[in-house]
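Asker: Please find one structure pasted underneath; my questions will follow.
The values are calculated or read from the model by the stated rules, or taken from the named source; none is laboratory data. Worth saying up front: this structure is predicted, and the values here are computed from it rather than measured. For neighbour counting, all protein chains shown are included, and Cβ atoms are generated from backbone atoms with ideal geometry for every residue, glycine included. Just so you know, the surface numbers come from the protein's heavy atoms only, side chains and all, with ligands and any DNA or RNA stripped out. Shrake-Rupley method; radii C 1.70, N 1.55, O 1.52, S 1.80 Å.
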Amino acid sequence: MQYLKNYLKNRDPKNQSLAAISYLAAVDHLHKKAPKIAQSIVEELKGQRSHLKLIASENYSSLDVQLAMGNLLTDKYAEGYAGHRFYAGCENVDVCEEEAMHHVKSIFNCDHAYVQPHSGADANLVAFWAVIVHKVQSSKLASMGKKRLEELSDEEYETLRKHLVDCKMMGLSLDAGGHLTHGYRHNISSKMMRSVTYSIDPKTETLDYQAIREQAKKEKPTILLAGYSAYSRRINFAKMREIADEVGAVLMVDMAHFSGLVAGKVFQGEEDPIPYADIVTSTTHKTLRGPRGGFIMCKQEYAETVNKGCPLVLGGPLPHVIAAKAIAFQEANTGSFQKYAHRIVENAKVLAECFLKEGLRIISGGTDNHLMVLDVSSYKITGRQAEEALLSCGICLNRNAILNDTNGPWYTSGVRIGTPALTTLGMGVDEMKVVAKNIIKVLKNTKPAWNSKKEAPSLAKFELDSSVKEAVKSEVFHLLQTFPLYPELALE
Ligand code: PLP
(Lines give C-alpha, C1' and ligand atoms only; values in the text may rest on other atoms or scores of the structure.)
Protein backbone atom coordinates (compact mmCIF):
# COMPACT_ATOMS: atom_id res chain seq x y z
CA MET A 1 0.00 0.00 0.00
CA GLN A 2 1.26 3.42 -0.96
CA TYR A 3 -1.76 5.56 -0.34
CA LEU A 4 0.12 8.46 1.19
CA LYS A 5 2.76 8.54 -1.55
CA ASN A 6 0.06 8.57 -4.24
CA TYR A 7 -1.92 11.23 -2.41
CA LEU A 8 1.07 13.55 -2.10
CA LYS A 9 1.99 12.94 -5.75
CA ASN A 10 -1.50 13.42 -7.21
CA ARG A 11 -2.88 16.25 -5.14
CA ASP A 12 -2.01 19.90 -5.39
CA PRO A 13 -0.30 20.83 -2.06
CA LYS A 14 -2.88 23.60 -1.63
CA ASN A 15 -5.65 20.98 -1.52
CA GLN A 16 -3.93 18.52 0.75
CA SER A 17 -5.51 17.81 4.10
CA LEU A 18 -3.46 17.11 7.21
CA ALA A 19 -6.21 14.79 8.49
CA ALA A 20 -6.10 12.79 5.25
CA ILE A 21 -2.30 12.64 5.34
CA SER A 22 -2.40 11.29 8.92
CA TYR A 23 -5.06 8.76 8.02
CA LEU A 24 -3.35 7.49 4.91
CA ALA A 25 0.00 7.29 6.70
CA ALA A 26 -1.66 5.19 9.42
CA VAL A 27 -3.21 2.80 6.90
CA ASP A 28 0.07 2.45 4.97
CA HIS A 29 1.97 1.87 8.19
CA LEU A 30 -0.51 -0.71 9.53
CA HIS A 31 -0.40 -2.53 6.25
CA LYS A 32 3.28 -3.32 6.81
CA LYS A 33 2.52 -4.91 10.17
CA ALA A 34 -0.98 -6.37 9.77
CA PRO A 35 -2.10 -6.38 6.14
CA LYS A 36 -5.45 -8.05 6.90
CA ILE A 37 -6.37 -5.33 9.37
CA ALA A 38 -5.27 -2.49 7.09
CA GLN A 39 -7.13 -4.09 4.22
CA SER A 40 -10.31 -4.43 6.25
CA ILE A 41 -10.22 -0.70 7.09
CA VAL A 42 -9.90 0.08 3.38
CA GLU A 43 -12.63 -2.44 2.46
CA GLU A 44 -14.97 -0.96 5.07
CA LEU A 45 -14.49 2.46 3.54
CA LYS A 46 -15.17 1.06 0.08
CA GLY A 47 -18.25 -0.75 1.40
CA GLN A 48 -19.61 2.39 3.07
CA ARG A 49 -18.89 4.37 -0.07
CA SER A 50 -20.93 1.99 -2.19
CA HIS A 51 -24.10 1.95 -0.06
CA LEU A 52 -26.65 4.55 0.88
CA LYS A 53 -26.59 4.43 4.66
CA LEU A 54 -30.14 4.70 5.98
CA ILE A 55 -29.56 2.87 9.26
CA ALA A 56 -31.18 5.26 11.72
CA SER A 57 -28.66 4.56 14.49
CA GLU A 58 -25.52 5.13 12.41
CA ASN A 59 -23.69 8.16 11.10
CA TYR A 60 -20.27 9.20 9.78
CA SER A 61 -17.97 10.72 12.40
CA SER A 62 -15.42 13.31 11.30
CA LEU A 63 -11.83 12.30 10.56
CA ASP A 64 -10.84 14.51 13.50
CA VAL A 65 -13.01 12.42 15.84
CA GLN A 66 -11.48 9.23 14.44
CA LEU A 67 -7.93 10.53 14.66
CA ALA A 68 -8.36 11.51 18.32
CA MET A 69 -8.90 7.82 19.15
CA GLY A 70 -5.72 6.46 17.61
CA ASN A 71 -3.05 7.32 20.15
CA LEU A 72 -1.37 6.54 23.47
CA LEU A 73 -4.27 7.78 25.60
CA THR A 74 -5.53 4.22 25.22
CA ASP A 75 -2.67 3.04 27.44
CA LYS A 76 -3.80 4.94 30.50
CA TYR A 77 -5.84 3.66 33.41
CA ALA A 78 -7.90 6.42 34.97
CA GLU A 79 -10.39 4.84 37.37
CA GLY A 80 -12.35 7.46 39.25
CA TYR A 81 -13.29 10.74 37.57
CA ALA A 82 -11.59 14.00 36.63
CA GLY A 83 -9.68 15.33 39.64
CA HIS A 84 -10.45 12.21 41.72
CA ARG A 85 -8.54 9.20 40.43
CA PHE A 86 -7.45 5.90 41.87
CA TYR A 87 -4.43 5.93 39.54
CA ALA A 88 -1.41 8.20 39.42
CA GLY A 89 -0.51 10.43 36.49
CA CYS A 90 -3.99 11.16 35.12
CA GLU A 91 -3.54 14.92 34.62
CA ASN A 92 -3.80 14.73 30.83
CA VAL A 93 -6.80 12.41 30.91
CA ASP A 94 -8.38 14.92 33.30
CA VAL A 95 -7.92 17.64 30.69
CA CYS A 96 -9.72 15.55 28.04
CA GLU A 97 -12.51 14.54 30.38
CA GLU A 98 -13.03 18.09 31.65
CA GLU A 99 -13.08 19.42 28.09
CA ALA A 100 -15.72 16.85 27.10
CA MET A 101 -17.81 17.66 30.20
CA HIS A 102 -17.48 21.37 29.55
CA HIS A 103 -18.91 21.01 26.04
CA VAL A 104 -21.75 18.76 27.22
CA LYS A 105 -22.74 21.30 29.85
CA SER A 106 -22.54 24.14 27.37
CA ILE A 107 -24.58 22.33 24.67
CA PHE A 108 -27.28 20.85 26.88
CA ASN A 109 -27.28 23.28 29.79
CA CYS A 110 -27.33 20.45 32.32
CA ASP A 111 -26.32 20.44 36.00
CA HIS A 112 -23.81 17.62 35.70
CA ALA A 113 -22.15 15.60 32.92
CA TYR A 114 -20.46 12.18 33.07
CA VAL A 115 -18.69 11.19 29.85
CA GLN A 116 -17.12 7.83 30.70
CA PRO A 117 -19.68 5.18 29.67
CA HIS A 118 -18.26 2.97 26.92
CA SER A 119 -21.62 2.68 25.16
CA GLY A 120 -25.31 3.55 25.44
CA ALA A 121 -26.03 0.26 27.20
CA ASP A 122 -23.32 1.02 29.78
CA ALA A 123 -24.67 4.53 30.26
CA ASN A 124 -28.07 3.05 31.03
CA LEU A 125 -26.62 0.56 33.49
CA VAL A 126 -24.77 3.33 35.32
CA ALA A 127 -27.91 5.46 35.34
CA PHE A 128 -30.18 2.68 36.61
CA TRP A 129 -27.82 1.86 39.42
CA ALA A 130 -27.07 5.46 40.26
CA VAL A 131 -30.78 6.09 40.63
CA ILE A 132 -31.59 3.07 42.74
CA VAL A 133 -28.44 3.34 44.81
CA HIS A 134 -29.22 7.00 45.45
CA LYS A 135 -32.87 6.34 46.25
CA VAL A 136 -32.79 3.03 48.02
CA GLN A 137 -29.31 2.63 49.45
CA SER A 138 -29.21 6.04 51.07
CA SER A 139 -32.59 5.60 52.77
CA LYS A 140 -31.94 2.01 53.87
CA LEU A 141 -28.47 2.87 55.14
CA ALA A 142 -29.97 5.69 57.15
CA SER A 143 -32.32 3.15 58.77
CA MET A 144 -29.33 0.87 59.37
CA GLY A 145 -27.62 3.54 61.43
CA LYS A 146 -25.86 5.34 58.53
CA LYS A 147 -23.20 2.65 58.22
CA ARG A 148 -20.87 2.53 55.26
CA LEU A 149 -21.26 -0.50 52.96
CA GLU A 150 -18.06 -2.01 54.31
CA GLU A 151 -19.47 -1.84 57.84
CA LEU A 152 -22.65 -3.81 57.11
CA SER A 153 -22.88 -7.40 58.28
CA ASP A 154 -23.50 -9.99 55.55
CA GLU A 155 -27.11 -10.23 56.67
CA GLU A 156 -27.62 -6.46 56.54
CA TYR A 157 -25.98 -6.29 53.15
CA GLU A 158 -28.30 -9.04 51.84
CA THR A 159 -31.35 -7.10 53.09
CA LEU A 160 -30.11 -4.00 51.28
CA ARG A 161 -29.37 -5.97 48.09
CA LYS A 162 -32.89 -7.39 48.05
CA HIS A 163 -34.32 -3.87 48.29
CA LEU A 164 -32.19 -2.80 45.32
CA VAL A 165 -33.33 -5.62 43.03
CA ASP A 166 -36.91 -5.12 44.12
CA CYS A 167 -37.01 -1.77 42.30
CA LYS A 168 -39.13 -1.50 39.18
CA MET A 169 -38.64 0.28 35.88
CA MET A 170 -41.27 1.14 33.33
CA GLY A 171 -40.08 1.79 29.78
CA LEU A 172 -41.40 1.66 26.22
CA SER A 173 -41.82 -1.90 24.90
CA LEU A 174 -39.54 -3.18 22.17
CA ASP A 175 -42.26 -3.65 19.56
CA ALA A 176 -43.51 -0.12 20.19
CA GLY A 177 -40.01 1.27 19.49
CA GLY A 178 -38.28 0.97 22.86
CA HIS A 179 -34.73 -0.36 23.31
CA LEU A 180 -33.51 -3.72 24.58
CA THR A 181 -32.01 -2.03 27.64
CA HIS A 182 -35.42 -0.62 28.63
CA GLY A 183 -36.55 -3.81 30.36
CA TYR A 184 -36.55 -6.38 27.54
CA ARG A 185 -36.60 -9.92 28.94
CA HIS A 186 -33.38 -10.93 27.19
CA ASN A 187 -31.51 -7.94 28.61
CA ILE A 188 -29.92 -7.51 32.03
CA SER A 189 -32.24 -4.55 32.67
CA SER A 190 -35.21 -6.86 33.26
CA LYS A 191 -33.16 -9.26 35.35
CA MET A 192 -31.50 -6.83 37.74
CA MET A 193 -34.82 -5.21 38.70
CA ARG A 194 -38.49 -5.77 38.00
CA SER A 195 -39.61 -4.41 34.69
CA VAL A 196 -42.91 -3.51 33.11
CA THR A 197 -43.40 -1.84 29.75
CA TYR A 198 -45.86 0.67 28.36
CA SER A 199 -46.83 0.73 24.72
CA ILE A 200 -48.21 3.01 22.05
CA ASP A 201 -51.88 3.51 21.33
CA PRO A 202 -52.77 0.80 18.78
CA LYS A 203 -54.89 3.23 16.75
CA THR A 204 -52.64 6.29 16.55
CA GLU A 205 -49.41 4.34 17.11
CA THR A 206 -48.21 7.23 19.26
CA LEU A 207 -47.66 7.58 23.00
CA ASP A 208 -50.87 7.92 24.99
CA TYR A 209 -49.87 9.94 28.06
CA GLN A 210 -53.15 9.26 29.86
CA ALA A 211 -52.68 5.51 29.44
CA ILE A 212 -49.07 5.80 30.65
CA ARG A 213 -50.30 7.76 33.67
CA GLU A 214 -52.91 5.12 34.56
CA GLN A 215 -50.36 2.32 34.20
CA ALA A 216 -47.75 4.19 36.24
CA LYS A 217 -50.29 4.75 39.03
CA LYS A 218 -50.89 1.02 39.15
CA GLU A 219 -47.27 -0.09 38.81
CA LYS A 220 -45.59 2.63 40.90
CA PRO A 221 -42.19 2.26 39.18
CA THR A 222 -38.99 3.50 40.79
CA ILE A 223 -37.85 4.63 37.32
CA LEU A 224 -40.12 5.92 34.58
CA LEU A 225 -38.06 5.65 31.41
CA ALA A 226 -38.71 7.65 28.23
CA GLY A 227 -36.78 7.23 25.00
CA TYR A 228 -36.74 4.99 21.96
CA SER A 229 -34.87 3.34 19.10
CA ALA A 230 -37.68 3.08 16.58
CA TYR A 231 -40.40 5.64 17.34
CA SER A 232 -40.87 8.41 14.81
CA ARG A 233 -42.53 11.04 16.98
CA ARG A 234 -41.36 13.56 19.55
CA ILE A 235 -41.94 13.08 23.26
CA ASN A 236 -43.47 15.68 25.54
CA PHE A 237 -41.14 15.49 28.52
CA ALA A 238 -43.20 17.95 30.59
CA LYS A 239 -46.02 15.40 30.51
CA MET A 240 -43.68 12.54 31.40
CA ARG A 241 -42.37 14.64 34.32
CA GLU A 242 -45.92 15.21 35.59
CA ILE A 243 -46.58 11.46 35.50
CA ALA A 244 -43.31 10.67 37.29
CA ASP A 245 -44.15 13.24 39.98
CA GLU A 246 -47.65 11.85 40.46
CA VAL A 247 -46.31 8.37 41.21
CA GLY A 248 -43.06 9.35 42.95
CA ALA A 249 -40.84 7.91 40.18
CA VAL A 250 -37.50 9.15 38.98
CA LEU A 251 -37.78 10.35 35.36
CA MET A 252 -35.01 8.92 33.24
CA VAL A 253 -34.67 9.75 29.54
CA ASP A 254 -32.57 7.73 27.13
CA MET A 255 -31.96 10.12 24.25
CA ALA A 256 -29.44 7.83 22.50
CA HIS A 257 -31.22 8.31 19.20
CA PHE A 258 -32.14 11.96 19.30
CA SER A 259 -29.36 13.64 21.31
CA GLY A 260 -28.13 15.28 18.08
CA LEU A 261 -31.57 16.80 17.61
CA VAL A 262 -31.49 18.18 21.16
CA ALA A 263 -27.93 19.48 20.68
CA GLY A 264 -28.97 20.97 17.33
CA LYS A 265 -31.92 22.81 18.95
CA VAL A 266 -34.54 20.96 16.91
CA PHE A 267 -36.10 19.65 20.11
CA GLN A 268 -36.71 22.60 22.39
CA GLY A 269 -39.11 23.56 25.21
CA GLU A 270 -41.13 20.54 26.32
CA GLU A 271 -39.34 18.36 23.75
CA ASP A 272 -35.95 18.99 25.36
CA PRO A 273 -35.55 16.36 28.10
CA ILE A 274 -32.81 18.07 30.12
CA PRO A 275 -34.95 20.51 32.15
CA TYR A 276 -37.51 17.81 32.95
CA ALA A 277 -35.60 14.57 33.58
CA ASP A 278 -33.69 13.65 36.72
CA ILE A 279 -31.21 11.72 34.66
CA VAL A 280 -30.55 11.58 30.90
CA THR A 281 -28.43 9.02 29.05
CA SER A 282 -27.23 9.01 25.47
CA THR A 283 -24.94 7.43 22.95
CA THR A 284 -22.42 9.64 21.19
CA HIS A 285 -22.44 7.91 17.79
CA LYS A 286 -25.95 8.30 16.36
CA THR A 287 -27.43 11.72 15.51
CA LEU A 288 -24.67 13.27 17.65
CA ARG A 289 -22.06 12.04 15.13
CA GLY A 290 -19.28 11.23 17.57
CA PRO A 291 -17.23 8.12 18.36
CA ARG A 292 -18.94 4.95 19.61
CA GLY A 293 -19.73 5.64 23.27
CA GLY A 294 -22.15 6.94 25.85
CA PHE A 295 -22.62 9.76 28.38
CA ILE A 296 -24.94 10.82 31.18
CA MET A 297 -26.38 14.08 32.37
CA CYS A 298 -28.17 14.45 35.69
CA LYS A 299 -29.52 16.79 38.31
CA GLN A 300 -26.98 17.78 40.93
CA GLU A 301 -28.45 15.43 43.57
CA TYR A 302 -27.41 12.39 41.47
CA ALA A 303 -23.97 13.75 40.49
CA GLU A 304 -22.02 12.09 43.28
CA THR A 305 -23.47 8.63 42.57
CA VAL A 306 -23.18 9.00 38.79
CA ASN A 307 -19.51 9.97 39.16
CA LYS A 308 -19.01 6.59 40.80
CA GLY A 309 -20.08 4.85 37.56
CA CYS A 310 -16.59 3.42 37.80
CA PRO A 311 -16.48 1.16 39.91
CA LEU A 312 -20.30 0.90 40.30
CA VAL A 313 -20.67 -0.55 36.79
CA LEU A 314 -17.70 0.36 34.61
CA GLY A 315 -14.09 -0.73 34.71
CA GLY A 316 -11.42 1.73 33.63
CA PRO A 317 -12.57 4.58 31.38
CA LEU A 318 -11.37 4.73 27.75
CA PRO A 319 -9.35 7.98 27.68
CA HIS A 320 -8.76 7.88 23.90
CA VAL A 321 -12.51 7.64 23.30
CA ILE A 322 -13.16 10.41 25.83
CA ALA A 323 -10.75 12.58 23.79
CA ALA A 324 -12.75 11.79 20.65
CA LYS A 325 -15.99 12.55 22.49
CA ALA A 326 -14.56 15.96 23.40
CA ILE A 327 -13.92 16.65 19.70
CA ALA A 328 -17.42 15.50 18.74
CA PHE A 329 -19.06 17.62 21.46
CA GLN A 330 -17.03 20.60 20.28
CA GLU A 331 -18.32 20.00 16.75
CA ALA A 332 -21.91 19.67 18.02
CA ASN A 333 -21.56 22.95 19.90
CA THR A 334 -21.71 25.00 16.69
CA GLY A 335 -24.23 26.78 14.47
CA SER A 336 -23.38 24.49 11.57
CA PHE A 337 -24.33 21.44 13.64
CA GLN A 338 -27.67 23.09 14.40
CA LYS A 339 -28.27 23.51 10.67
CA TYR A 340 -27.29 19.87 10.15
CA ALA A 341 -29.75 18.70 12.82
CA HIS A 342 -32.61 20.66 11.25
CA ARG A 343 -31.77 19.20 7.82
CA ILE A 344 -31.89 15.63 9.23
CA VAL A 345 -35.53 16.18 10.21
CA GLU A 346 -36.41 18.02 7.01
CA ASN A 347 -34.99 15.11 5.00
CA ALA A 348 -36.91 12.55 7.04
CA LYS A 349 -40.15 14.44 6.47
CA VAL A 350 -39.58 14.54 2.70
CA LEU A 351 -38.84 10.80 2.60
CA ALA A 352 -42.00 10.11 4.61
CA GLU A 353 -44.14 12.31 2.34
CA CYS A 354 -42.88 10.42 -0.73
CA PHE A 355 -43.73 7.07 0.88
CA LEU A 356 -47.17 8.23 1.96
CA LYS A 357 -47.94 9.57 -1.54
CA GLU A 358 -47.27 6.08 -2.86
CA GLY A 359 -49.65 4.58 -0.31
CA LEU A 360 -47.01 2.97 1.92
CA ARG A 361 -47.90 2.61 5.58
CA ILE A 362 -45.62 4.42 8.01
CA ILE A 363 -46.08 3.52 11.67
CA SER A 364 -47.87 6.49 13.33
CA GLY A 365 -48.54 7.98 9.89
CA GLY A 366 -45.30 9.94 9.50
CA THR A 367 -42.28 11.33 11.29
CA ASP A 368 -41.17 14.43 13.08
CA ASN A 369 -37.71 13.23 14.03
CA HIS A 370 -34.87 11.51 12.17
CA LEU A 371 -36.48 8.12 11.50
CA MET A 372 -39.55 6.23 10.42
CA VAL A 373 -40.68 2.61 10.38
CA LEU A 374 -42.33 1.36 7.19
CA ASP A 375 -44.77 -1.54 7.32
CA VAL A 376 -43.82 -3.65 4.27
CA SER A 377 -46.45 -6.37 4.81
CA SER A 378 -48.71 -4.93 2.10
CA TYR A 379 -46.05 -6.06 -0.40
CA LYS A 380 -46.39 -9.59 1.00
CA ILE A 381 -42.74 -9.64 2.04
CA THR A 382 -41.07 -9.66 5.44
CA GLY A 383 -38.85 -6.92 6.84
CA ARG A 384 -35.93 -9.29 6.35
CA GLN A 385 -36.69 -9.72 2.64
CA ALA A 386 -37.09 -5.98 2.21
CA GLU A 387 -33.77 -5.38 4.01
CA GLU A 388 -31.91 -7.92 1.87
CA ALA A 389 -33.47 -6.86 -1.42
CA LEU A 390 -32.59 -3.22 -0.73
CA LEU A 391 -29.07 -4.15 0.34
CA SER A 392 -28.55 -6.01 -2.93
CA CYS A 393 -29.24 -2.68 -4.66
CA GLY A 394 -26.84 -0.68 -2.45
CA ILE A 395 -29.42 0.63 0.03
CA CYS A 396 -28.53 -0.24 3.62
CA LEU A 397 -31.23 -0.08 6.30
CA ASN A 398 -32.48 -2.51 8.89
CA ARG A 399 -35.58 -4.59 9.46
CA ASN A 400 -37.67 -3.71 12.47
CA ALA A 401 -40.55 -5.32 14.32
CA ILE A 402 -43.85 -3.49 14.41
CA LEU A 403 -46.52 -3.66 17.10
CA ASN A 404 -47.81 -7.25 17.54
CA ASP A 405 -45.63 -8.31 14.63
CA THR A 406 -46.87 -11.63 13.24
CA ASN A 407 -43.40 -12.29 11.75
CA GLY A 408 -41.66 -11.95 15.13
CA PRO A 409 -38.50 -9.96 15.90
CA TRP A 410 -36.23 -11.96 13.56
CA TYR A 411 -38.08 -11.70 10.23
CA THR A 412 -40.33 -8.75 11.15
CA SER A 413 -42.87 -6.86 9.04
CA GLY A 414 -41.13 -3.50 9.00
CA VAL A 415 -38.00 -1.62 8.06
CA ARG A 416 -36.53 1.33 9.93
CA ILE A 417 -35.20 4.23 7.89
CA GLY A 418 -33.13 7.15 9.17
CA THR A 419 -31.60 10.22 7.58
CA PRO A 420 -28.63 11.24 9.84
CA ALA A 421 -25.91 9.68 7.68
CA LEU A 422 -27.12 10.82 4.26
CA THR A 423 -27.60 14.30 5.70
CA THR A 424 -23.97 14.24 6.85
CA LEU A 425 -22.97 13.55 3.23
CA GLY A 426 -24.77 16.76 2.28
CA MET A 427 -27.86 15.24 0.70
CA GLY A 428 -31.05 17.28 0.84
CA VAL A 429 -34.65 17.34 -0.29
CA ASP A 430 -34.01 16.52 -3.99
CA GLU A 431 -31.84 13.54 -3.13
CA MET A 432 -34.42 12.24 -0.62
CA LYS A 433 -36.96 12.13 -3.45
CA VAL A 434 -34.57 9.99 -5.50
CA VAL A 435 -33.87 7.74 -2.51
CA ALA A 436 -37.60 7.28 -1.80
CA LYS A 437 -38.36 6.55 -5.46
CA ASN A 438 -35.74 3.81 -5.51
CA ILE A 439 -36.80 2.25 -2.22
CA ILE A 440 -40.38 2.10 -3.46
CA LYS A 441 -39.25 0.57 -6.75
CA VAL A 442 -37.38 -2.21 -4.94
CA LEU A 443 -40.21 -2.93 -2.49
CA LYS A 444 -42.79 -3.09 -5.28
CA ASN A 445 -40.69 -5.55 -7.25
CA THR A 446 -39.52 -7.84 -4.46
CA LYS A 447 -41.26 -11.16 -4.01
CA PRO A 448 -40.66 -13.93 -1.52
CA ALA A 449 -38.71 -16.85 -2.97
CA TRP A 450 -40.15 -20.30 -2.26
CA ASN A 451 -38.39 -22.58 0.16
CA SER A 452 -36.26 -25.42 -1.18
CA LYS A 453 -39.12 -27.97 -1.07
CA LYS A 454 -41.36 -25.44 -2.86
CA GLU A 455 -43.96 -25.90 -0.13
CA ALA A 456 -44.14 -22.40 1.27
CA PRO A 457 -42.73 -18.95 0.55
CA SER A 458 -39.51 -18.27 2.45
CA LEU A 459 -39.49 -15.57 5.12
CA ALA A 460 -35.89 -14.67 4.29
CA LYS A 461 -35.12 -15.33 0.63
CA PHE A 462 -36.39 -12.98 -2.03
CA GLU A 463 -36.60 -12.58 -5.78
CA LEU A 464 -35.94 -9.27 -7.49
CA ASP A 465 -35.93 -8.67 -11.19
CA SER A 466 -32.35 -8.06 -12.32
CA SER A 467 -33.29 -5.09 -14.52
CA VAL A 468 -34.85 -3.35 -11.49
CA LYS A 469 -31.79 -4.19 -9.43
CA GLU A 470 -29.39 -2.79 -12.02
CA ALA A 471 -31.46 0.39 -12.51
CA VAL A 472 -31.56 1.08 -8.76
CA LYS A 473 -27.88 0.28 -8.30
CA SER A 474 -27.01 2.75 -11.01
CA GLU A 475 -29.03 5.57 -9.37
CA VAL A 476 -27.46 4.74 -5.99
CA PHE A 477 -24.01 4.84 -7.57
CA HIS A 478 -24.72 8.22 -9.13
CA LEU A 479 -25.92 9.69 -5.82
CA LEU A 480 -22.87 8.41 -3.97
CA GLN A 481 -20.55 9.78 -6.63
CA THR A 482 -22.15 13.19 -6.22
CA PHE A 483 -21.95 13.07 -2.41
CA PRO A 484 -18.76 11.12 -1.65
CA LEU A 485 -17.90 9.91 1.82
CA TYR A 486 -14.67 11.44 3.17
CA PRO A 487 -13.74 12.92 -0.23
CA GLU A 488 -10.35 13.93 1.15
CA LEU A 489 -9.46 10.26 1.73
CA ALA A 490 -8.02 9.20 -1.59
CA LEU A 491 -7.50 5.48 -1.29
CA GLU A 492 -6.16 4.71 -4.72
N1 PLP B 1 -30.45 3.20 24.08
C2 PLP B 1 -31.08 3.35 22.90
C3 PLP B 1 -32.36 4.11 22.87
C4 PLP B 1 -30.52 2.82 21.73
O5 PLP B 1 -31.15 2.96 20.57
C6 PLP B 1 -29.28 2.14 21.83
C7 PLP B 1 -28.62 1.55 20.65
O8 PLP B 1 -29.13 1.32 19.63
C9 PLP B 1 -28.68 1.99 23.08
C10 PLP B 1 -29.29 2.54 24.18
C11 PLP B 1 -27.43 1.19 23.25
O12 PLP B 1 -26.34 1.82 22.72
P13 PLP B 1 -24.97 0.99 22.51
O14 PLP B 1 -25.14 0.17 21.30
O15 PLP B 1 -23.93 2.05 22.39
O16 PLP B 1 -24.78 0.17 23.74
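Asker: I'd like the Karplus ³J(HN,Hα) series for the stretch 465-479: coefficients 6.51, -1.76, 1.60, θ = phi - 60°, whole numbers in Hz, and an x wherever there's a Gly or Pro.
Answerer: My calculation for the stretch 465-479 gives 4, 5, 5, 5, 4, 5, 5, 5, 4, 5, 5, 4, 4, 4, 4 Hz in order.
Asker: Return the loop-located GluC sites (Glu not before Pro) in the stretch 274-351 (DSSP other than H, G, I, E, B) with at most 12 other Cβ atoms within 10 Å of their own Cβ; answer none if there are none.
Answerer: none
Asker: Using a probe radius of 1.4 Å on heavy atoms only, what accessible surface per residue do you get for the stretch 160-264? Whole Å² is fine.
Answerer: Values: 3970 Å² over 105 residues.
Spelled out: the 1.4 Å probe surface of the stretch 160-264, per residue, equals 38 Å².
Asker: Related question: Could you go through the stretch 390-397 in sequence order and give the Karplus-derived ³J(HN,Hα) for each residue, using 6.51 cos²θ - 1.76 cosθ + 1.60 with θ = phi - 60°, rounded to whole Hz, and x for Gly and Pro?
Answerer: 5, 4, 5, 9, x, 10, 10, 9
Asker: Here is a further query. Reported to two decimal places, what Rg/Rh ratio describes the chain when computed on Cα atoms with Rh from the Kirkwood expression?
Answerer: With Rg and the Kirkwood Rh in hand, the quotient comes to 0.99.
Asker: Considering amide H positions built from the backbone, and no H for Pro or chain starts, which residues 5 or more places from S458, or on another chain, come under 5 Å of its amide H?
Answerer: Those lying under 5 Å, H to H, from S458 are A449, W450, N451.
Asker: By the gyration tensor of its Cα atoms, with a ≥ b ≥ c the square roots of the eigenvalues, what is the shape of the stretch 116-235: rounded for a/c under 1.5, prolate for a/b over b/c, or oblate? Let's see the in-between values first.
Answerer: Values: a/c = 2.84, a/b = 2.00, b/c = 1.42.
Prolate, because a/c is 1.5 or more and a/b exceeds b/c.
Asker: On to the next question. Could you derive backbone 3J(HN,Hα) for the stretch 364-374 from the dihedral phi with the Karplus parameters 6.51, -1.76 and 1.60 (θ = phi - 60°), listing whole Hz in sequence and x where the residue is Gly or Pro?
Answerer: 6, x, x, 8, 9, 10, 9, 9, 8, 10, 9
Asker: Next question. Out of the DSSP beta bridges found with both residues in the chain, what percent are antiparallel (nearest 5)?
Answerer: Antiparallel: roughly 60 percent of the beta bridges in the chain.
Asker: About the Cα centre of the stretch 132-231, how large is the charge dipole given +1 on each Lys and Arg Cβ and -1 on each Asp and Glu Cβ? Please answer in debye to the nearest 20.
Answerer: My answer is approximately 220 debye.
Asker: Using modelled amide H (1.01 Å from N, peptide plane; none on Pro or chain starts), what sits under 5 Å from the amide H of V253, excluding residues fewer than 5 places away?
Answerer: Long-range HN contacts for V253: A226, I279, V280, T281.
Asker: Now for a different question. What does the helix-only formula give at 222 nm for the chain: each DSSP H stretch with n ≥ 4 adding -39500 (n - 2.57), the total divided by the residues, and the result rounded to the nearest 500 deg cm²/dmol?
Answerer: Using -39500 (n - 2.57) per qualifying helix, the result is -14000 deg cm²/dmol.
Asker: What shape does the stretch 166-275 take by its C-alpha gyration tensor, where a ≥ b ≥ c are the square roots of the eigenvalues and a/c under 1.5 counts as rounded, a/b above b/c as prolate, and the rest as oblate?
Answerer: In terms of gyration-tensor shape, rounded.
Asker: Based on Cβ point charges of +1 for Lys and Arg and -1 for Asp and Glu, what charge dipole magnitude is obtained for the chain about its Cα centre, in debye rounded to the nearest 20? Spell out each step's value before the answer.
Answerer: Values: 59 positive and 56 negative charges, 246 e Å.
I would put it at about 1180 debye.
Asker: Follow-up question, since we're still on this one. Sort out the exposed loop chymotrypsin sites (Phe, Trp or Tyr not before Pro) in the chain (DSSP loop, at most 16 other Cβ within 10 Å) and tell me the longest stretch that has none.
Answerer: 88-492
Asker: What share of the DSSP beta bridges in the stretch 176-324 is antiparallel, in percent to the nearest 5?
Answerer: Just about 45 percent of them are antiparallel.
Asker: Give a quick list of GluC sites (Glu not before Pro) in the stretch 364-467 that DSSP marks as loop, anything other than H, G, I, E or B, with at most 13 other Cβ atoms within 10 Å.
Answerer: E455
Asker: Of H186, F329, S467, which is farthest along the charge dipole of the chain in the positive direction, counting Lys and Arg as +1 and Asp and Glu as -1 at C-beta?
Answerer: S467
Asker: Which value, in debye to the nearest 20, gives the size of the charge dipole of the stretch 215-305 about its Cα centre, when Lys and Arg are +1 and Asp and Glu are -1 at the Cβ?
Answerer: Roughly 400 debye, rounded to the nearest 20.
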